[in-house]
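All remarks here apply to the structure that follows.
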Amino acid sequence: MSFDSYKTIGEVLQEFTITATEANYILETDTVIREAFKEDLEFCLREFTVEESEYAICETIIFPLLKEVYRQYRDKFTLWSHKPITYDQQLTGIPDYILAKRSPLGKQIFEKPYFVAVEAKKDDFIKGWGQCLAEMVAIQKLNDQSEQTIFGIVSNGQLWQFGKLKGNLYTKEINNYTISDLERLYSAINYVFSQCELEIETQQ
C-alpha cells in the first residue's frame with residue numbers, strides 16, 4: 001500500500017493506532033533572510049503561473065524555500081528530493097522532500113535517521129496529511145527509534161501546515177503559515193530544522 005493510498009489522516013491514525021492532538025509548539029525567532037533569495041522568490045511569484053501545477057509549486061516555491069533554510073544546516077543534513085523509501089508493502093512511496101542526517105561517506109548515501117517529510121498537494125490538505133503522516137510513520141519505523149520526533153510539512157506553496165510524530169502521538173501545529181508572511185514562515189521552517197539538529201545531538 002503506497003503512501004498515496006491513504007486519503008485522510010484518520011485512515012493512518014486507525015491503521016497504526018496513533019493518537020492525534022493539536023498544540024502551538026513552533027517557537028518563532030527573529031531570522032535574517034538573504035535579500036537575493038527574497039528578490040528571486042518575489043520574481044517567481046510575480047512572473048510564473050504556479051497554481052495549476054504541483055510540480056511548478058515545488059520547483060518555484062517549496063524547494064527553493066526549504067533549500068534556503070537548509071543552507072545553514074548543510075554540515076549536518078542532506079536535503080533529498082523525491083527519494084523513494086520503503087518500510088514494507090503498507091508503507092512505500094516517494095515523499096516530495098526528506099531532510100536526512102548527512103552521511104560521513106558523502107552526500108550520495110541516504111543516511112538515517114530521517115527527520116522531515118514534506119508533501120505538496122495543490123489544495124487537498126486532507127489527502128496531503130494522510131500521505132505525509134504515512135511517510136512519517138514509515139520514517140519512524142525505518143529508524144527504529146519510537147521516541148525520536150519526526151516532523152512533517154504539507155504545503156500548496158501559499159499555505160504551509162506543520163505536524164510532528166513522537167511515539168504514537170501525532171501533534172498538529174495550530175498555526176498555519178503563508179508565503180505572504182515570509183518572515184514567520186521562514187522562522188517556522190527554521191525551527192523544525194533546528195529541532196532536527198537537536199535530535200542528532202541527543203543521539204550522539
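Per-structure values
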quantity: All positions within the stretch 130-150 that are open to solvent by less than 10 Å² (accessible area, probe 1.4 Å) and hydrophobic (A, V, I, L, M, F, W, C); calculated: CYS132, LEU133, ALA134, MET136, VAL137, ALA138, ILE139, ILE150
quantity: Members of the stretch 162-173 that are surrounded by fewer than 20 Cβ atoms within 10 Å (Cβ to Cβ) and under 16 Å from the mean Cα position of the chain (by Cα); calculated: LYS166, THR171, LYS172
quantity: Verdict on GLU111 being in contact with a Pro (Cβ under 9 Å, 6 or more places away or on another chain), farther than 19 Å from GLU68 by Cβ, open to solvent by 10 Å² or more (accessible area, probe 1.4 Å) and not in a helix (DSSP H, G or I); calculated: yes
quantity: Every residue from the stretch 174-185 that is surrounded by fewer than 20 Cβ atoms within 10 Å (Cβ to Cβ) and either part of a strand (DSSP E or B) or among the basic types (Lys, Arg) (or both); calculated: THR178, ARG184
quantity: The stretch 145-204, residues that are touching a Gly at 6+ places or on another chain (Cβ under 9 Å), touching a residue at least 60 places away in the same chain (Cβ under 8 Å) and among the charged types (D, E, K, R); calculated: LYS164, LYS172, GLU173
quantity: Inter-residue pairs, beta-carbon under 9 Å, first in contact (Cβ under 8 Å) with a residue 60 or more places away in the chain and among the basic types (Lys, Arg) and in the stretch 99-117, second surrounded by fewer than 21 Cβ atoms within 10 Å (Cβ to Cβ) and assigned to a loop (DSSP other than H, G, I, E, B), 6+ apart; calculated: LYS101/LYS76; LYS101/GLU111; LYS101/LYS112; LYS101/PRO113
quantity: Residue in the stretch 57-74 that is out of contact with any strand residue (DSSP E or B) (no Cβ under 6 Å at 6 or more places or on another chain) and part of a loop (DSSP other than H, G, I, E, B) present; calculated: yes
quantity: Selection status of ARG102, of a type in the set (Lys, Arg), under 19 Å from the mean Cα position of the chain (by Cα), buried (at least 17 other Cβ atoms within 10 Å of the Cβ) and closer than 23 Å to VAL192 by Cβ; calculated: yes
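The values are calculated or read from the model by the stated rules, or taken from the named source; none is laboratory data. These numbers were taken from a predicted model, which means no experiment stands behind them. Cβ sites come from the backbone with ideal geometry, for glycine too, and all protein chains shown count toward neighbours. Accessible surface areas use protein heavy atoms only, side chains included; no ligands, DNA or RNA. Shrake-Rupley method; radii C 1.70, N 1.55, O 1.52, S 1.80 Å.
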